[in-house]
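Written out below as structure tokens is the structure these notes cover.
Every read-out reported here was derived from the displayed coordinates using simple, explicitly stated rules and does not represent laboratory data. It should be emphasised that the depicted structure is a prediction, and the values quoted were computed from it without experimental measurement. Cβ sites come from the backbone with ideal geometry, for glycine too, and all protein chains shown count toward neighbours.
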Amino acid sequence: MWSGTPLFPEAASTMATRVDALYFFLLGLGVFFSVLIAGLIVYYAVKFHRKTPRAIGAQLRGNLVVELVWTVVPLLITIVIFVWGAELFYAMSRPPGDSLDIYVVAKQWMWKFQHLDGQREINELHVPTGRDVRLIATSEDVIHDWFVPAFRVKSDVLPGRYVNIWFRATKPGQYHLFCAEYCGTKHSGMVGQVVVMEPHDYQNWLSGGETGRTLASAGERLFVDLACNTCHRLDAQGRGPLLNGLIGKTVRLQSGQSIIADEAYIRESILNPSAKITAGYQPIMPTFQGLVTEEQLLQLIEYVKSLPTGDGASAATKP
Amino acid sequence: MTTSHLPAHHYLNDGYGIRSWLLTRDHKRIALLYLAGVTFFFFIGGAFAVLMRLELATPAGDLVSDETYNKLFTMHGVIMVFFFLIPAIPAVLGNFLIPIMVGARDLAFPKVNLASWYIYMLGGLFTLYALFSGGVDTGWTFYTPFSTVSSTTNVIPTALGIFITGFSSILTGLNFIVTIHRMRAPGLTWSRLPLFLWSMYATSLINVLGTPVLAITLLLIAAERAFHFGFFDPALGGDPVLFQHLFWFYSHPAVYVMVLPAMGVVSELVAAGCRKPVFGYTFVAIASLSIAILGFLVWGHHMFVAGESVYAALIFSILSYLVAIPSAIKVFNWTATMYRGAVSWETPMLYAYGFIGLFTIGGLTGLFLAAVGLNVHVTDTYFIIAHFHYIMVGGTIMAYLGGLHFWWPKISGRLYNEWLARLSAGIIFAGFNLTFFPQFVLGYLGMPRRYHAYPPEFQVLNVLSSAGASILGIGYLIPIAYLMWSLRYGRAASANPWGAVGLEWSTTSPPPTENFAETPTVTWKPYDYEHAVSAPEGHVA
Amino acid sequence: MWVFLATEVLFFGGMFLTYSIYRHAYPSAFIAASREMIVWAGTINTAVLITSSLTVVLAVHAAAAGQRRALLLFLMITILLGFVFLGIKGYEYWTEFGEHHFPGRSFQFDARYAPQAEIFFSLYFMMTGLHAVHMIIGIGIMAVMFWLSWRGTITREYSSPIEISGLYWHFVDIVWIFLFPLLYLVGRHVH
């Protein structure tokens, strides 16, 4: 009965072992206090079992020192746990700089993955070991959640927003991918797997498949088809701001605010242009809400990232 | 052992017939009306749980369709949370005991009390209508935009049913607050109040301040769904995470509404079970108030992976650790009360000890969850389900049963069969742990919640859990049988069969309609067993 | 009643919170949408409600002084002012439906701001709608008070029902005092 029944998940990412360490610490703490309390209850129930009907207990009403001790000690313990958990979470929330980016679009009830070179996958994601992978994820409809237990990584994937999820896989293998936010009828069916490969095998896989166009070149085509290039001209003569080197740049808005341009900013500017008007420009950009799909938005974003900056390099990351 | 007789006149024979019950203003009769209501809803919610666990015994989704399963877990949650756990101890034990414990004839507003029951039943029937005319499949948490845009089920009637019942909680809370403030008997100062009253007071504060936020949130969902407003729908410029903030701002304090009354019951049981004062009375009382206040500040810990900022997450994390401390203080104080006590092994006390142990485990797993880095892995999995069931079932329901057994002689004038009661307590304890402990393991393995089909390697743990559930179900049915039997055939109880200290034990079992022959004056400290008048009678039937 | 009013603060509070979040997110859309509000109607309604709170105070005073005729008069004026408020509000709603400002399928607005303006109008109808429901309940309560006063149940010694009802009415008035600038006067100083 027990073969084939794991009691502990595999650890296949750099974060996994760190999370497990905190888990075991808390497990030990939990076992200690549970056994302590349960043990004391049983011990006292037996040792001080009422002997005669009229017996009363010792009329002790309290002890300030004891109260303070068992208030302060748990408080100190919880502070330790808090700091440890906070450290882990902070690390999880900061995708490292040089990461392999993959786009994720969740919809009822499947996971769509887009590699930058054009490879598309449904419900199955291939990644290499030893490389930081950053997922940029959004949903087409309701809230979903990207969860790979072996990586100890999870994040809600929201409609109308991009979320970043990052991990660094350590062990080749196939690992469960689950949707972990209830999303309707086939929520339990919105599962798949992450296939982790050694870098060499991963390269083979990448080049062996049908790639079609890269995301960026598909985006370039769209940029022309949707006439974006009539206002956002490469020679900065257009009515729209120059888009080269936009990602990571600080943009001054008409309202006086300054923001740092990221994928979400580009997406918003396409769907709701009047929300953040760049300082010095007129609010004349039409909205493309309903005219582009989430996948097309990703292509446009990658195209913008691939535009050359002044020093000849581009902000796009190479696979 | 002396033979007791029922008093000639008491609240149960003060008027017969259905009108004397449905139009009563007597808080004790209203408590029994609630008892009938919550028991009814408990078994409906429980039936859904049984079906769920049957489905989960096999990895494939083969017992019911996925749509049906989604409705089952939603309705299990809605009914258990809103129609059982939130009202049970306050509306049954609170209604019955609060006026007696303060030495009054009734609550401050008896007619409002009856209205509260009607509102509760109306909301419940509304929700049942939604259930039977197609059900609802959004989860009891109604996350948007699924609930407002995507779901094709009876979201609006369910939301309205819960909205209506919310007024019952608000009015009851109001009634309790005014009663405890204004109707205490002469000599009953705040520092002489039984700890059950401190807990009920703290609970009522939460009910009064928190429930309205749920009310507006439900109205917003209903309006968004009916009129296509765009508060929570990104396609219309709205923010789905805003819904989560509004929802959890109420629903987190709601869990303290579910557990504080249980803690109050446990304080009473432990004091009577050890025949000595609760150790650290002042700390336990202040802990109740602290839990109520701090409970309003931690809602974001349900949203660590939902898209809130890192800084918000860290603030909610530290506050969540703070709110754990008063609960820990209570557990230590109850355990210390047993030290050098005259410890009883009778049923109510067994439930109390079970509560302390299981609540400790549930609470400790809360420490796991408040650690944000670890929460990421276990949130939305069976770990969470195990955590809250340890507290709500291993905790609240055990305390509720313990309280029912403890005050049963007072409420009914009858003694129940002690051996059967101990047997069911044991079955419930065993069944509960078998059901929910494997779920901690399942959760860390990664089995998500709200799944009706799962990978085969999770099956063994699921089968253990389902087996436990069947044992637990049987355990809950046995008390119905012997408690009902005792109403007719049980031995009559004396005024104070436990030899306990408290105003409720100074009046007859059952009490007269006006509770006391004359208003008592209180001159003693709480749990003053040194001057206890009665000795407990063993009453193993 | 004070405890109940605390619950009402939290009830409306949720809506005010939602309003603040969206106003901060979409300032220009909110200004544009607020310009469509019928300011003269809102202003008259504000005056009507403040006057009605005055008549409530006078009614409470009359009750405490045992002046039955004055009490009945002020209660009646309060009720009438309540109806005036609802009437003007009804006129506003009727106009706004006609201009396709009710959110939903038939909503029409300047395309630059349309989706966010729809949120403004959703908030507007939700908040004023809930307020109007509270007004209707308030009028009902005042009607009951009128009947109790007519029957002679209210005396100099027993005037607390008038006071408690007055508290409720003042609360509903105060909610409007907050609603009016937040909904009608957004960005009015900007041209």
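Computed values, structure above
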{"quantity": "13 Å beta-carbon shell around C:Ser28, net charge (K/R +1, D/E -1)", "calculated": "+3"}
{"quantity": "Neighbourhood charge, 11 Å Cβ-Cβ cut-off, centred on A:Leu246 and excluding it, Lys, Arg +1 and Asp, Glu -1", "calculated": "0"}
{"quantity": "Coil-residue chymotrypsin sites (Phe, Trp or Tyr not before Pro) of the range C:112-165, DSSP, other Cβ within 10 Å capped at 12", "calculated": "C:Tyr158"}
{"quantity": "Kirkwood-based Rg to Rh ratio, the range C:2-184, C-alpha trace", "calculated": "1.06"}
{"quantity": "Rounded to 10°, Cα long-axis angle of helix B:418-445 versus longest principal axis of chain B", "calculated": "20"}
{"quantity": "For peptides A:298-308, B:368-378, A:163-173, sequence by mean Cβ density within 10 Å, most packed first", "calculated": "B:368-378, A:298-308, A:163-173"}
{"quantity": "Peptide A:23-35, shielding by other chains (average Cβ, 10 Å cutoff)", "calculated": "4"}
{"quantity": "0 to 90° range, to nearest 10: angle between helix A:215-225 axis and chain A longest Cα axis", "calculated": "50"}
{"quantity": "Cα-based helix-to-principal-axis angle, A:14-47 vs chain A, degrees rounded to 10", "calculated": "20"}
{"quantity": "Taking N as its residue count, the alpha carbon Rg of the range B:151-276 over 2.2 N^0.38 Å", "calculated": "1.39"}
{"quantity": "Volume in Å³ per residue [convex hull over Cα atoms, computed for the range B:18-505]", "calculated": "140"}
{"quantity": "Cα shape, the range A:215-317, gyration tensor, a/c 1.5 rule", "calculated": "rounded"}
{"quantity": "Rg/Rg_globular for the range C:1-110, with Rg_globular taken as 2.2 N^0.38 Å and Rg from C-alpha atoms", "calculated": "1.43"}
{"quantity": "Per-residue average of Cβ from other chains inside 10 Å of A:237-247", "calculated": "0"}
{"quantity": "Size descriptor, Kirkwood hydrodynamic radius, that averages inverse alpha-carbon separations across the range B:386-446, Å", "calculated": "13.0"}
{"quantity": "Kirkwood estimate for the range B:65-146, i.e. one over the average of 1/r between Cα atoms, Å", "calculated": "14.7"}
{"quantity": "The range B:86-102 - phi-based ³J(HN,Hα) in whole Hz, Karplus 6.51/-1.76/1.60, Gly and Pro as x", "calculated": "5, x, 3, 5, x, 7, 8, 6, x, 4, 5, 8, 4, x, 5, 5, 8"}
{"quantity": "Helix-only mean residue ellipticity at 222 nm for chain B, each DSSP H run of n ≥ 4 adding -39500 (n - 2.57), per residue, nearest 500", "calculated": "-21000 deg cm²/dmol"}
{"quantity": "Local electrostatic count, C:Thr95, Cβ distance below 12 Å [Lys/Arg +1, Asp/Glu -1]", "calculated": "-3"}
{"quantity": "Solvent-free Debye scattering, log10 I(q)/I(0), computed from the Cα coordinates of the range B:73-215 at q = 0.11, 0.16, 0.18 Å⁻¹", "calculated": "-0.46, -0.81, -0.95"}
{"quantity": "Three principal axis lengths of the protein assembly as shown [C-alpha, angstrom, descending]", "calculated": "101, 84, 54"}
{"quantity": "Quotient of C-alpha Rg and 2.2 N^0.38 Å, computed over the range A:159-234", "calculated": "1.61"}
{"quantity": "Radius, Kirkwood style, for chain A when every pair of distinct Cα atoms is counted (Å)", "calculated": "23.6"}
{"quantity": "Average beta carbon contacts from partner chains per residue of B:293-306, 10 Å cutoff", "calculated": "2"}
{"quantity": "By average C-beta atoms within 10 angstrom, highest first, the peptides C:177-185, C:70-78, A:140-148", "calculated": "A:140-148, C:70-78, C:177-185"}
